[in-house]
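Asks: Sharing a structure with you now.
The values are calculated or read from the model by the stated rules, or taken from the named source; none is laboratory data. Quick caveat: nothing in here was measured; it's all calculated off a predicted structure. Cβ sites come from the backbone with ideal geometry, for glycine too, and all protein chains shown count toward neighbours.
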Amino acid sequence: MNVIFAAVMLGACAVFLFTDPEGFLPAMLAGGEKAAHVCLALLASYCVWLGFFRVLEATGLAKKLSAALYPAARRLFRSGDREALGAACENIAANLLGLPGAPTPLGIAATKKFLAAKNGYAAEMLFVLNATSLQLLPTTAIALRAAAGSASPAAVLLPTLLASACSTLAGVALLALFSRPRPCGRRARSRTKEQPA
């Protein structure tokens, strides 16, 4: 992927130098300035929301939100592993709140626990939920719009909620329809032993 991006960048620079050699350097400087501005805006947003998530963790509100999601998560992931479901619920809660960066380590921890328990279906479901990313508050999109000078950065809140809700429902439904939980653990081993060679 890095090679592809580098090739595209070099090709674009070559075309730009050929078509408008005088405007090449000013355009590069202006683009670098905009990129630095957006990076600083995102850095500030990440600091604020990760700090907010730490406050939620310290006060126990994150645990309460994940506990509220637990009954639905048990059916959704078809798992009874409390540790894995706890991490998955915290991952979903962080995604719902649109906390940038926070869901990733929680999702990785939950996926490792699901795979260790040989529950591939639960790991796939968690991947779908993270890919579709249902968000009540799209903080990253709002921060990007604010950095770009939008007059109404939060105007994307309702469209983002509707779009992510539709994509999440579609992803969950498709996985539930076309993916079947594979047998694992002792039952799986006993079945393989019973099968004739």
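Asks: Quick check on my filter: what residues within the stretch 117-169 are part of a helix (DSSP H, G or I) and free of Cβ contacts under 8 Å to residues at least 12 places away in the same chain?
Replies: Across the stretch 117-169, the qualifying residues are 145, 153, 155, 158, 159, 162, 163, 166, 169.
Asks: Which of the residues belonging to the stretch 74-118 are surrounded by fewer than 17 Cβ atoms within 10 Å (Cβ to Cβ), of a type in the set (Lys, Arg) and within 19 Å of residue 63 (Cβ to Cβ)?
Replies: 74, 82
Asks: Among the residues of the stretch 96-116, what is the count of those that are in a loop (DSSP other than H, G, I, E, B) and either of a type in the set (Asp, Glu) or under 19 Å from residue 165 (Cβ atoms) (or both)?
Replies: The qualifying residues number 3.
Asks: Which of the residues spanning the stretch 102-131 are over 10 Å from the mean Cα position of the chain (by Cα) and farther than 15 Å from residue 79 by Cβ?
Replies: Result: 105, 106, 108.
Asks: Ok, one more. For the stretch 2-28, which residues satisfy the criterion of being surrounded by fewer than 10 Cβ atoms within 10 Å (Cβ to Cβ) and under 22 Å from residue 144 (Cβ atoms)?
Replies: Hit for the stretch 2-28 is 5, nothing else.
Asks: Kindly indicate the residue of the stretch 13-67 that is modelled with pLDDT of 75 or more and acidic (Asp, Glu) and also nearest to residue 85 (Cα to Cα) among those meeting that condition.
Replies: 33
Asks: Sticking with this structure for a sec: Is there a residue in the stretch 156-165 that is closer than 30 Å to residue 33 by Cβ, exposed (fewer than 12 other Cβ atoms within 10 Å of the Cβ), out of contact with any Cys (no Cβ under 8 Å at 6 or more places or on another chain) and at pLDDT 80 or above?
Replies: Checked against the condition, which is being closer than 30 Å to residue 33 by Cβ, exposed (fewer than 12 other Cβ atoms within 10 Å of the Cβ), out of contact with any Cys (no Cβ under 8 Å at 6 or more places or on another chain) and at pLDDT 80 or above, the stretch 156-165 yields at least one hit.
Asks: Hey, another quick one. Could you say which residue among 73, 68, 58, 94 is under 14 Å from the mean Cα position of the chain (by Cα) and on the phi < 0 side of the Ramachandran plot?
Replies: After ruling out the rest, the residue left standing is 94.
Asks: Next question, about the same structure. Does the stretch 48-58 contain at least one residue that is within 30 Å of residue 179 (Cα to Cα), in contact (Cβ under 8 Å) with a residue 24 or more places away in the chain and among the aromatic types (Phe, Trp, Tyr)?
Replies: Within the stretch 48-58, not a single residue is within 30 Å of residue 179 (Cα to Cα), in contact (Cβ under 8 Å) with a residue 24 or more places away in the chain and among the aromatic types (Phe, Trp, Tyr).
Asks: OK, next. Going by the conditions given, is residue 110 at pLDDT 85 or above and either out of contact with any Phe, Trp or Tyr (no Cβ under 8 Å at 6 or more places or on another chain) or among the charged types (D, E, K, R) (or both)?
Replies: In short, yes.
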